[in-house]
């Protein structure tokens, strides 16, 4: 029995759609398996000693594998081309953080695998209509609501979420009917960025990551009187109040909940210390407490 020398894993959220796509791109057959409770679609590639799997979720064995990164990049290229009428290699290279030469190779490989890409170097590329996905059936109001929400996230959140919102926008355009795509492209709901608190975007990304990883955060905070304090907090959630973002946290010094305006955080250090999640010190418990005090509506 030969040993697999090259093995790559690809995280996916929609297994059925991903299998259909990679069957074309990799010219491979997939075998469904559940490994350690995680859904997989395992395949062998038409090269000696090469194979891999699609993994439902984000739990990868070799997350840094370059073959995984390339397979994921090919998938992203298709998603981007779905969402735009014409996209140049330079735009793809900037978005995916690779060279234009790499993009040209990827486009050629996708075309050879049967993905119907139309265009040429120097002019731009697009995906022929009707490839792979049925149109997403949304009402005009639903399209406007999603577009408005995405624009707000792009303007008011951190850079990481803003990029994710841009990606969702491209995927949405790809699966809308032509009529609803025109609604999305002509939406008059805007979210201007006045860049009033430029440091907030960086703070948002730091704290969003710390919340996800349950990391204790050391804050240098300036209150409304201009007084500075230092404290260690357990970040629980981020809340937007129309003009400012608030960090909801459990303060170790006060042994209680506290809210901190991101624009008043003079310095943030995400420590290596991990706090244990507790039901009585959670965002849900904080919200319930605010409702009980009458600070938040019941619904």
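Observations
- Among the residues of the range 99-125, the one identified as part of a loop (DSSP other than H, G, I, E, B) and crowded, with 17+ Cβ neighbours inside 10 Å is 115.
- Residue within the range 157-167 that is in contact (Cβ under 8 Å) with a residue 24 or more places away in the chain, under 20 Å from the mean Cα position of the chain (by Cα) and closer than 23 Å to residue 17 by Cα present: yes
- Checked against (1) surrounded by fewer than 11 Cβ atoms within 10 Å (Cβ to Cβ); (2) closer than 23 Å to residue 153 by Cα; (3) in contact (Cβ under 8 Å) with a residue 24 or more places away in the chain, residue 272 passes all but a single condition, namely (2).
- Comparison of 241, 245 shows that the only residue that is over 24 Å from residue 139 (Cβ atoms) and either surrounded by 14 or more Cβ atoms within 10 Å (Cβ to Cβ) or in contact with a helix residue (DSSP H, G or I) (Cβ under 7 Å, 6 or more places away or on another chain) (or both) is 245.
- Looking only at the range 81-98, and only at residues there that are part of a helix (DSSP H, G or I) and in contact with a strand residue (DSSP E or B) (Cβ under 7 Å, 6 or more places away or on another chain), the one that is nearest to residue 181 (Cα to Cα): 82
- Single condition residue 182 does not satisfy, out of (1) more than 16 Å from the chain's Cα centre (by Cα); (2) surrounded by 15 or more Cβ atoms within 10 Å (Cβ to Cβ); (3) part of a helix (DSSP H, G or I): (2)
- Members of the range 212-238 that are in contact with a helix residue (DSSP H, G or I) (Cβ under 9 Å, 6 or more places away or on another chain) and either surrounded by 14 or more Cβ atoms within 10 Å (Cβ to Cβ) or in a helix (DSSP H, G or I) (or both): 215, 216, 217, 221, 222, 234, 235, 236, 237, 238
- Qualifying residue in the range 146-161 (condition: over 25 Å from residue 239 (Cβ atoms), at pLDDT 85 or above and surrounded by 13 or more Cβ atoms within 10 Å (Cβ to Cβ)): no
- Failed item, numbered, when residue 28 is tested on (1) surrounded by 17 or more Cβ atoms within 10 Å (Cβ to Cβ); (2) at pLDDT 80 or above; (3) under 26 Å from residue 125 (Cα atoms); (4) over 22 Å from the mean Cα position of the chain (by Cα): (2)
The values are calculated or read from the model by the stated rules, or taken from the named source; none is laboratory data. Remember, it's a predicted structure, so these values are computed and weren't measured experimentally. With ideal geometry, Cβ positions are generated from the backbone for all residues, glycine too; neighbour counts draw on all protein chains shown.
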